[in-house]
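Asks: Pasting a structure below so you can have a look.
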Amino acid sequence: MEKNRENKSTSSAIQQKIEQAHNLLETCGSSLIEDPSIYALLTKLRDCIENTKQSMLTLGVVAECKNCEEKEGGSCCGSGIENKYDVELLLINLLLGCSVQNHEPVGNSCYFLEKSGCKLTARHVLCVNYICEKLQKKLTRKDLIALQTSAGEELETLFILHEAIKKKMRT
């Protein structure tokens, strides 16, 4: 009973953040996209995210995570991870064209996890950077460095964009 109440509370909190992000998109979205520096950062972030995804596909990380979720009892994308997401990060997803909608969460997974993987385009640092012990052992040192370099470029760009958006919204 306590766990069910906790899941509803978490669901309600993230749903409020999603609504706030949609409201910000309506009120500030155009001015954010029309800002040349923010537009350039959104473009760069999209490229960085694609590079990280490609690295994860090539190195077998995506397949390993999918296998863990479907056959080994659950992945790292557990319930509660969505609490790490703030309104600005959800807004960045909306600016990137990602559909971020309220829904009922599935089981004990992250609110944003679907059968095909994470529904978000721009993910929290924890989600991008975490490599479980099993993957650390499976990947070569060279592959780990390549993956972390790609993820690092994505996260640096995301951080700069996140800060630029917060600054623009304060002015």
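Asks: Return the total of residues in segment 26-61 being free of Cβ contacts under 8 Å to residues at least 24 places away in the same chain and not in a helix (DSSP H, G or I).
Replies: Residues in segment 26-61 being free of Cβ contacts under 8 Å to residues at least 24 places away in the same chain and not in a helix (DSSP H, G or I): 0 in total.
Yes/no matrix, rows are residues, columns are (1) among the β-branched types (Val, Ile, Thr); (2) over 30 Å from Ala164 (Cα atoms); (3) loosely packed, with under 14 Cβ neighbours inside 10 Å:
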residue: Glu50; (1), (2), (3): no, no, yes
residue: Gly60; (1), (2), (3): no, yes, no
residue: Glu69; (1), (2), (3): no, yes, no
residue: Ser75; (1), (2), (3): no, yes, no
residue: Leu89; (1), (2), (3): no, no, no
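Asks: Among the residues of segment 12-27, how many are buried (at least 16 other Cβ atoms within 10 Å of the Cβ) and either in contact with a Lys or Arg (Cβ under 9 Å, 6 or more places away or on another chain) or closer than 20 Å to Leu161 by Cβ (or both)?
Replies: Summing the residues that are buried (at least 16 other Cβ atoms within 10 Å of the Cβ) and either in contact with a Lys or Arg (Cβ under 9 Å, 6 or more places away or on another chain) or closer than 20 Å to Leu161 by Cβ (or both) in segment 12-27 gives 6.
Asks: Do we find a residue being closer than 17 Å to Leu45 by Cβ and within 13 Å of the chain's Cα centre (by Cα) anywhere in segment 55-77?
Replies: No; the residues of segment 55-77 include none that is closer than 17 Å to Leu45 by Cβ and within 13 Å of the chain's Cα centre (by Cα).
Asks: For the structure I just gave you, tell me whether Ser99 is without any contact (Cβ under 8 Å) to a residue 40 or more places away in the chain, in a helix (DSSP H, G or I) and either over 30 Å from Asp143 (Cβ atoms) or under 12 Å from the mean Cα position of the chain (by Cα) (or both).
Replies: Taking the combined requirement at face value, the residue does not satisfy it.
Asks: Okay, moving on. Every residue in segment 28-37 that is among the small types (Gly, Ala, Ser) and surrounded by fewer than 14 Cβ atoms within 10 Å (Cβ to Cβ), please.
Replies: Ser30, Ser31, Ser37
Asks: Does segment 149-171 hold any residues that are more than 17 Å from Thr27 (Cα to Cα), free of Cβ contacts under 8 Å to residues at least 40 places away in the same chain and of a type in the set (Val, Ile, Thr), and which are they?
Replies: Thr149
Yes/no per residue for (1) over 19 Å from Glu69 (Cβ atoms); (2) at pLDDT 95 or above:
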{"site": "Ser99", "(1), (2)": "yes, no"}
{"site": "Asn102", "(1), (2)": "yes, no"}
{"site": "Val106", "(1), (2)": "no, no"}
{"site": "Ser109", "(1), (2)": "no, no"}
{"site": "Lys115", "(1), (2)": "no, no"}
{"site": "Cys118", "(1), (2)": "no, no"}
{"site": "Arg123", "(1), (2)": "no, yes"}
{"site": "Asn129", "(1), (2)": "no, no"}
{"site": "Gln136", "(1), (2)": "no, no"}
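Asks: Is segment 128-149 home to any residue that is crowded, with 18+ Cβ neighbours inside 10 Å and touching a strand residue (DSSP E or B) at 6+ places or on another chain (Cβ under 7 Å)?
Replies: No; the residues of segment 128-149 include none that is crowded, with 18+ Cβ neighbours inside 10 Å and touching a strand residue (DSSP E or B) at 6+ places or on another chain (Cβ under 7 Å).
Asks: Filter segment 112-153 down to residues that are more than 11 Å from the chain's Cα centre (by Cα) and either outside any strand (DSSP E or B) or of a type in the set (Phe, Trp, Tyr) (or both), then give me how many there are.
Replies: Adding up the residues that qualify gives 26.
Asks: Quick check, is Glu156 surrounded by 15 or more Cβ atoms within 10 Å (Cβ to Cβ), part of a helix (DSSP H, G or I) and not small (Gly, Ala, Ser)?
Replies: It is false that Glu156 is surrounded by 15 or more Cβ atoms within 10 Å (Cβ to Cβ), part of a helix (DSSP H, G or I) and not small (Gly, Ala, Ser).
The values are calculated or read from the model by the stated rules, or taken from the named source; none is laboratory data. This one's a predicted model, so the numbers in the text were calculated from it and none came from an experiment. Neighbour counts are summed over all protein chains in view; Cβ atoms, including those assigned to glycine, are modelled from backbone coordinates with ideal geometry.
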